[in-house]
Amino acid sequence: MSTESIPWPSATAGSRSFVDTLHEWVTTVDHKRLGLLYIAYALVFLLIGGIEAIVIRIQLIRPHNDFVSPQVFNRMFTMHGTTMIFFVVMPVLFGFANYLIPLMVGARDMAFPRLNAFSFWMTAFGGLVLYFSLIGANGLYGAGNAPDVGWFAYAPLTSQTFSLGHSTDFWTLALLVSGFGSVGTAINIIATIVCLRCPGMTLAKMPLFAWLNLVMAGLVILAVSPLTAAQIMLLVDRYLGGHFFDTQAGGSAVIWMHFFWIFGHPEVYVLVLPAFAFASEIIPVFSRKPIFGYPVMVGATVAIGFISMSVWAHHMFTVGMGAAANTFFVISTMAIAVPTGIKIFNWLATMWGGKLEFKTAMLFCVAFLFQFLVAGLTGVMLSAAPFNWQLGNSYFVVAHFHYVIVGAILFTLFGAFYYWFPKMSGKMYSETVGKLHFWLFFIGFHLTFDFMHIPGLLGMPRRIYTYEPGRGWDTWNLIVTIGVFFQAAGILVFLVNLLWSYYRGKPAGSDPWDAWTLEWSTNSPPPAYNFALIPTVESRRPLWDLKHPDDPDWKYE
Amino acid sequence: MQSRGSNRWHGLRSPILLCVCCSTTAVADRVSPLSPTNIFAPASTPAKSILGLSLFVLAVTGAIFLVVFTLLLYSVVKFRKRKNDDGREPPQVYGSNQVELAWTVIPVLIVVALFMATARVIASVQKTARPENAIEVIAIGHQFWWEYRYPGLGVVTANELHVPVSDTNNPTPTLITLLSADTDHSFWVPRLAGKTDLIPNHPNSMWIDPHEIGVYLGQCAQYCGTQHAKMLLRVYVQSREDFDCWVQQQTLPSKGGGRASAGQHIFETTACISCHTVAGSAANGRFGPDLTHLMSRDTIAAGVATNTPEHLRQWIQNPDAIKPGSLMPAMQLSDQELDALTAYLETLH
């Protein structure tokens with residue numbers, strides 16, 4: 001295993017024109033560059049989706065506010081949801097997977113570099129199609145008309161009868177196109193992990209990061225396909241006279257729900273498994289201990305993957321499925337709490353007896369543990385169907401899934417940014433500014449999403465552009481909105497830290513955290529070929545073995 | 001400007017005249033101090049069963065939270081790297097089968113307990129036999145209002161559901177069949193029952209047996225289009241006598257005519273009758289609310305504004321000012337016509 005770098009033509013050329021650089025990035029098939037493109041693209045959409053969230057929250061700051069019209073509000077929550085799920089969280093996770101998996105398994109690139117580039121550009125195109133609806137949906141005359149059917153777009157609201165113009169079509173096409181990109185990347189991740197592991201790295205010696213992303217990629221293939229099928233059916237309904245979801249011609253609104261949620265719930269795990277992957281790399285390094293119960297963690301991941309395919313209709317407890325179906329989806333949903341709980345216990349056990357070093361990345365991961373615990377427990381409440389009849393579609397649900405997507409996924413993502421930024425950029429970030437980001441975001445998160453549970457318990461449904469006074473919702477909504485500004489400030493601090501550190505940060509060196517996986521054995525940033533010599537590993541922590549030749553891991557695994 | 005102005009549409013606190021043949025009954029809003037839509041203040045069996053389960057689930061999850069949170073807090077405090085750290089790596093522990101087994105089996109047992117409790121409540125709410133003396137109502141969701149039809153009683157009304165109180169001596173549950181005329185909606189009055197969706201082409205049903213007289217609030221809980229937010233629910237729970245009296249009054253033809261006949265003429269010669277019904281007149285539209293007994297209702301526009309002549313007039317003149325995106329068109333009438341039409345509507349008792 002060598003840390004020397006071999007000169008590489010493109011890396012040595014000192015001054016190139018902007019057009020050359022652009023050309024290089026647009027035509028790249030390098031997994032690291034594509035990873036960075038995914039991440040940069042997701043950050044742009046994070047800002048857009050964040051602004052939409054701010055508009056939503058200002059509108060709800062008090063009853064009968066008229067900051068925006070109901071039409072604009074409905075577009076805002078539709079675009080916020082669609083943007084954040086499909087064009088922020090998925091791409092950013094694919095970006096990290098793309099960047100890190102070949103490095104972690106000791107490969108020189110993904111298995112299919114061209115498919116990789118194709119997938120990224122499909123996803124990017126999907127995001128553009130979605131936002132093109134602002135001018136394309138009703139033509140320039142109706143500029144500003146964006147999809148307004150909600151991110152799960154229940155039929156028959158999406159039919160020609162109720163959704164005039166083309167806004168729904170742009171929504172459909174955006175998801176269809178980016179879906180191809182997602183499946184392409186998923187195939188690539190699976191092929192890379194299965195075929196390109198370096199000598200000695202058996203499946204049982206892969207970093208957990210690779211395992212979690214492997215299961216995630218399998219879920220993407222299983223989950224995105226029904227979504228794509230549903231989008232095609234919707235297009236057939238809208239333009240070719242189909243009646244899949246046309247209730248007035250005998251179609252079924254419920255079948256759309258099934259199609260959407262058999263995508264939608266595995267999708268939650270598609271998003272959260274990579275978050276687990278980050279935590280499973282960061283927590284051990286900053287606890288100075290190997291991950292506790294590696295085989296059990298792998299087993300729990302695979303179990304989550306399987307069970308998550310059988311829980312979708314817990315989104316439909318109020319649809320009138322009958323007692324038997326409701327009961328089935330209660331037990332399948334509750335069952336998934338077991339492997340998820342095992343994961344939390346294993347992370348805790350990893351920290352137990354360690355020497356915890358609270359770098360910014362670790363702070364985000366500890367907050368993740370706490371918040372994911374809460375999110376899991378509110379999830380258990382929602383899985384009890386009768387409780388769900390009250391909580392479903394209320395602000396309690398909105399608080400619950402934001403606890404998952406922000407409290408768990410975004411927090412570990414920030415952790416991942418701080419942990420791998422030195423590797424990706426070759427520079428160290430400012431730890432002080434990073435901690436400022438953490439605390440601002442942590443306070444904002446809890447102001448917003450802790451207090452958001454309460455109006456739900458007091459009967460406030462989601463997706464209402466305004467509400468009546470006298471229902472006991474006013475104060476809570478005010479606090480929720482205040483928290484948003486703390487979060488926005490935190491994100492600005494984060495971006496400033498990234499940019500400032502990229503240009504002014506101190507050199508990071510190849511292994512700033514004294515870590516154990518293969519990406520830390522090569523330069524920061526890694527050369528285009530990743531490793532001068534393909535490494536050979538003997539345990540899950542090859543760099544531990546190198547650093548402690550007297551006490552290597554392979555003796556114990 | 002609008003937010004301040006639109007406050008005028010609210011404040012439905014005044015006692016209401018329940019029906020002409022009964023003594024005036026002040027309906028006490030027995031509202032929990034926190035909120036009139038608090039799910040923890042049930043007043044009907046389904047909501048009470050749900051609350052019982054909710055408290056059990058909250059207790060179990062609360063206990064889990066306390067245990068795990070304490071462990072997390074303890075490890076964060078106890079195992080943090082000290083200032084005077086010797087720089088040596090801590091003992092490398094790879095796992096323990098016994099511990100893994102323990103924290104697999106215990107959660108499994110907890111899940112089994114939670115599942116049993118949940119399954120029981122699902123059965124008790126969803127599989128209840130239909131009693132003989134139940135009141136049957138068909139609720140039909142429209143963009144953006146509620147239609148109620150009482151097939152056994154011959155009553156058709158909108159937005160304000162009247163049901164008799166159900167006490168232990170004389171249990172009178174109300175069975176509600178849920179239909180939709182257009183998109184998905186959801187019927188959610190938190191103090192009476194959990195929500196059930198109204199889905200076109202997919203009839204649903206639910207039941208309530210309110211134990212206390214009063215007005216119960218709620219609103220549509222499934223996004224149904226532009227004005228999803230202002231599709232409010234009001235359930236009037238009345239004593240059996242008051243309810244029968246209300247039914248009797250609703251089945252009589254409305255008392256129109258007289259001074260308002262000019263307004264009736266306008267009503268019957270404009271687009272009003274394409275959507276609205278006034279029983280016994282030429283108006284038999286089904287797209288909008290039945291107006292036969294409009295004046296027996298406290299509110300207009302699905303609970304959004306109090307039913308006063310002023311509000312009625314403004315609503316006819318420009319519905320968008322009260323409920324932007326509502327499907328009722330502005331009627332483009334002159335002031336005189338508006339006055340006459342409002343006067344006619346005022347006679348529809």
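Laboratory data are not the source of any read-out in this text; all were calculated from the coordinates shown. As the structure is a prediction and not an experimental result, all values here were calculated from the model. Glycine also receives a Cβ, built like all others from the backbone with ideal geometry; neighbour counts cover every protein chain displayed.
The figures follow:
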item	result
Environment charge at A:Phe401 (Cβ cut-off 13 Å; Lys +1, Arg +1, Asp -1, Glu -1)	0
Expected 222 nm ellipticity per residue - DSSP helices of 4 or more, -39500 (n - 2.57), all of chain B, to 500	-11000 deg cm²/dmol
Inter-probe distance in nm under a simple model that places probes 7 Å from Cα toward Cβ, at A:Thr536 and A:Trp121	4.0 nm
Three-way shape call for the range A:329-481 based on the alpha-carbon gyration tensor, with the a/c threshold at 1.5	oblate
Partner chain coverage, peptide B:125-135 - average Cβ within 10 angstrom	2
Nitroxide proxy distance, nm - points 7 Å out along Cα→Cβ at B:Lys48 and B:Thr168	0.8 nm
Sequence ranges B:67-78, A:54-65, A:511-522, ranked by mean other-Cβ count within 10 angstrom, highest first	A:511-522, A:54-65, B:67-78
Cα gyration tensor category, rounded, prolate or oblate, for the range B:205-271 with a/c compared to 1.5	oblate
Mean Cα-pair separation over length for the range B:142-221, i.e. relative contact order, pairs under 8 Å, 6 or more apart, %	29 percent
222 nm mean residue ellipticity, helices alone, for chain A (DSSP H n ≥ 4; -39,500 (n - 2.57); rounded to 500)	-21500 deg cm²/dmol
Mean Cβ count within 10 Å, highest first, over the residues of peptides B:191-200, B:101-110, B:340-349	B:191-200, B:340-349, B:101-110
Potential extension, A:Ile135-A:Ile479 segment - 0.36 nm per residue separation minus Cα distance	120.4 nm
Cα gyration tensor category, rounded, prolate or oblate, for the range B:253-346 with a/c compared to 1.5	rounded
Convex hull volume of chain A per residue (C-alpha atoms, cubic angstrom)	150 Å³
Selection from B:Thr269, B:Ala302, B:Leu312, by position along the positive dipole direction of the range B:253-346 (Cβ)	B:Ala302
Summed residue charge, Cβ within 11 Å of A:Asn477's Cβ, Lys/Arg positive, Asp/Glu negative	+2
Environment charge at A:Arg33 (Cβ cut-off 13 Å; Lys +1, Arg +1, Asp -1, Glu -1)	-2
For A:61-73, mean number of other protein chain Cβ atoms within 10 Å	3
B:Leu73-A:Cys195 pseudo-label distance in nm [points 7 Å out on the Cα-to-Cβ vector]	5.2 nm
Least to most buried among A:Cys195, B:Cys275, B:Cys224 (fewest other Cβ within 10 Å first)	A:Cys195, B:Cys275, B:Cys224
18 Å cut-off, amide nitrogen to a point 7 angstrom out along B:Ser261 Cα→Cβ, residues in the range B:282-300	B:282-283
Shielding by other protein chains, A:549-556, mean Cβ within 10 Å	1
Likely footprinting exposure, B:His293, A:His402, fewest C-beta neighbours within 10 Å first	A:His402, B:His293
Integer Hz, Karplus 6.51/-1.76/1.60 couplings in order for the range B:75-87, x for Gly and Pro	5, 5, 7, 6, 9, 5, 5, 7, 4, 8, 5, 7, x
Reachable lysines, given that their alpha-carbon falls under 17 Å from the alpha-carbon of A:Lys355 and they are not under 8 places away in the same chain	A:Lys289, B:Lys78, B:Lys81, B:Lys83
Packing rank of A:328-337, A:21-30, where each peptide gets the mean count of other beta carbons within 10 Å, highest leading	A:328-337, A:21-30
Relative contact order [Cα under 8 Å, 6+ residues apart], the range A:35-555, whole percent	17 percent
